[in-house]
Each structure stands twice: as C-alpha cells, then as structure tokens.
Amino acid sequence: MLTGVGAGAFGAHALRDVLIPEFAAVYETGVRYQLVHGLALLFVALAAERRPEHAWKAITWLFGVGILLFSGSLYALSLSGLRFLGAVTPVGGVCFLAGWALVLRLAWSQRTPVADSGPGQTG
C-alpha cells in the first residue's frame with residue numbers, strides 16, 4: 001500500500017506533464033490494481049490469523065505476484081513506451097483471478113450451513 005500511494009503520487013505530480021494521456025491512463029490502472037490488491041492482502045492477513053489454512057499463503061503469493069506482474073508491467077510500459085511489456089500484464093491478471101478464486105473457495109468451504117426448517121418443521 002505504501003508503494004502504491006507513492007506510485008500514485010509520483011504519477012499525479014512528477015509524471016503529469018511527461019506521459020501522454022494513453023500512458024497516463026495505463027499508469028493509473030497499475031496504481032489502482034496495486035492499491036486494491038494491497039488492501040485485499042490486509043484482509044487476507046486478518047483472515048489467515050483467524051483461520052490459518054494453507055490456502056491463505058497461496059492467496060498471498062498470488063496477489064503479490066499479481067501486483068508485481070500486472071502493475072509492474074503497466075508501470076514499465078507507461079514509462080518506457082515499450083508496448084511488448086503489455087504481454088506480461090495478463091499473467092498478473094491471471095494471478096489476481098486465481099487468488100480471488102481461492103478466496104471464494106475458502107469462503108464457500110467455511111460457510112455455516114443453515115438448518116433446514118421446511119414445511120411442518122419447527123426449528
């Protein structure tokens with residue numbers, strides 16, 4: 001989160017007059033995804049403290065690698081103009097998706113079943 005805020009401030013101030021609008025938008029997307037997933041990592045840490053399943057560690061790695069590949073490639077692309085760096089971005093996106101899929105799987109597996117109180121049953 002610290003580096004995401006720093007990257008955002010750097011983009012808003014130091015790069016404002018340097019980047020063309022297309023690359024400024026690319027840079028901003030990198031910052032946004034870094035901040036969202038940095039916040040998600042805080043929630044993952046809290047969840048892992050309460051229920052220490054091994055999947056939380058995998059989620060942490062997936063989000064961390066996702067930030068490096070997704071946001072990092074967008075930063076590099078916007079600052080260098082080398083469009084081939086955009087080929088790395090989807091790999092980071094897949095890491096984000098896999099991490100969120102694991103979050104959903106854990107949430108589903110840890111849900112509390114609701115007692116069935118169908119017609120004629122009192123509960």
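The values are calculated or read from the model by the stated rules, or taken from the named source; none is laboratory data. Given the structure is predicted, the values throughout are model-derived calculations rather than measurements. Note that each Cβ is placed from the backbone with ideal geometry, even for glycine, and that neighbours are counted across all protein chains shown.
Across the stretch 1-48, the qualifying residues are those that are in contact with a helix residue (DSSP H, G or I) (Cβ under 9 Å, 6 or more places away or on another chain) and of a type in the set (D, E, K, R), and the one among them that is nearest to Val103 (Cα to Cα) is Arg32.
Determine if the stretch 22-45 includes at least one residue that is aliphatic (A, V, I, L, M) and either farther than 24 Å from Gly6 by Cα or touching an Asp or Glu at 6+ places or on another chain (Cβ under 8 Å) (or both).
No; the residues of the stretch 22-45 include none that is aliphatic (A, V, I, L, M) and either farther than 24 Å from Gly6 by Cα or touching an Asp or Glu at 6+ places or on another chain (Cβ under 8 Å) (or both).
Tally up the residues in the stretch 12-28 that are closer than 22 Å to Val65 by Cβ and touching a Phe, Trp or Tyr at 6+ places or on another chain (Cβ under 9 Å), please.
2
Looking across the stretch 77-88 at every residue that is touching a residue at least 12 places away in the same chain (Cβ under 8 Å) and closer than 16 Å to Glu22 by Cα, the one that is surrounded by the fewest Cβ atoms within 10 Å (Cβ to Cβ) is identified as Gly81.
Is it fair to say Glu53 is at pLDDT below 95, acidic (Asp, Glu) and touching a helix residue (DSSP H, G or I) at 6+ places or on another chain (Cβ under 7 Å)?
Yes: the conditions hold for Glu53.
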